[in-house]
Amino acid sequence: MINTGVFDYINVLEKAADGAWKRNEVIANNIANIDTPDYKRQDISFQAELQHALKASKYTSLDTKVRDLNDRNRLSHIEPRQYTDYANYSYRLDGNNVDVDNENVELASNQIVYQAIVQSINSEFTEIKTAIGK
C-alpha cells in the first residue's frame with residue numbers, strides 16, 4: 001500500500017482486486033470438489049465489507065471516504081473473509097452442495113469484476129502519468 005493521497009483510490013482498488021482474485025480461487029476450488037462427498041461450497045465475503053466501510057457516513061463524499069480509509073489505516077483491516085455455505089441445500093445423496101452451473105456463472109461474473117478493477121487501476125495510473133506530463 002502506498003501512503004500518499006495520490007494513490008488513495010489505487011489502494012482501495014488493489015484491495016478489491018485481491019478480494020476478487022481470492023474469490024476466483026475459492027470458486028475454482030468448489031468446481032474442483034464437485035465430486036467430493038459431503039463437500040460444502042465456499043465463498044468470499046469482501047464486497048459487502050468494503051461497501052460497509054465506504055458507507056460509514058452517507059453525507060460524506062466518496063473522495064473523503066476513500067481518504068479516511070487510507071489515512072486511518074482502516075483499509076488494511078478489510079480482508080476477504082472465506083465462509084462455508086451450509087445454507088445452500090444439497091439435493092444430492094452424497095451431501096455435496098456444489099452446483100457446477102451456478103459456480104461457472106459465479107466464476108464468469110467474478111472474472112468480469114476482476115477485469116473491471118484492473119482496468120480502473122490502469123486508468124488511475126494513466127491519469128497520474130498525464131498529470132505528471134509523461
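The values are calculated or read from the model by the stated rules, or taken from the named source; none is laboratory data. Please read these numbers as outputs of a predicted model, since none were measured by experiment. Because the Cβ atoms are built from the backbone with ideal geometry, glycine has one as well, and the counts that use them run over all protein chains shown. All accessible areas refer to the heavy atoms of the entire protein, side chains included, with ligands and DNA or RNA removed. Shrake-Rupley method; radii C 1.70, N 1.55, O 1.52, S 1.80 Å.
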(request) Name the one entry in Ala87, Ala116 that is among the hydrophobic types (A, V, I, L, M, F, W, C), free of Cβ contacts under 8 Å to residues at least 24 places away in the same chain and open to solvent by less than 60 Å² (accessible area, probe 1.4 Å). (result) Ala116
(request) Just give me the residues in region 32-71 being assigned to a loop (DSSP other than H, G, I, E, B) and either open to solvent by 80 Å² or more (accessible area, probe 1.4 Å) or not hydroxyl-bearing (Ser, Thr, Tyr) (or both), in sequence order. (result) Asn33, Ile34, Asp35, Pro37, Asp38, Lys40, Arg41, Phe46, Lys55, Ala56, Lys58, Tyr59
(request) Working only within region 74-107, note down all residues that are part of a loop (DSSP other than H, G, I, E, B), under 20 Å from Ser45 (Cβ atoms) and among the basic types (Lys, Arg). (result) Arg74
(message) Given the criterion aliphatic (A, V, I, L, M), farther than 30 Å from Tyr91 by Cα and without any contact (Cβ under 8 Å) to a residue 12 or more places away in the chain, identify the matching residue among Leu50, Leu62, Leu69.
(response) Leu62
(request) Taking only region 1-31 into account, find how many residues are open to solvent by less than 60 Å² (accessible area, probe 1.4 Å), modelled with pLDDT of 90 or more and over 13 Å from Ile121 (Cα atoms). (result) 9
(message) So if I check each of Asn24, Asn29, Asn11, which one is without any contact (Cβ under 8 Å) to a residue 24 or more places away in the chain and in a helix (DSSP H, G or I)?
(response) Asn29
(request) Determine if region 42-61 includes at least one residue that is more than 21 Å from the chain's Cα centre (by Cα) and aliphatic (A, V, I, L, M). (result) no
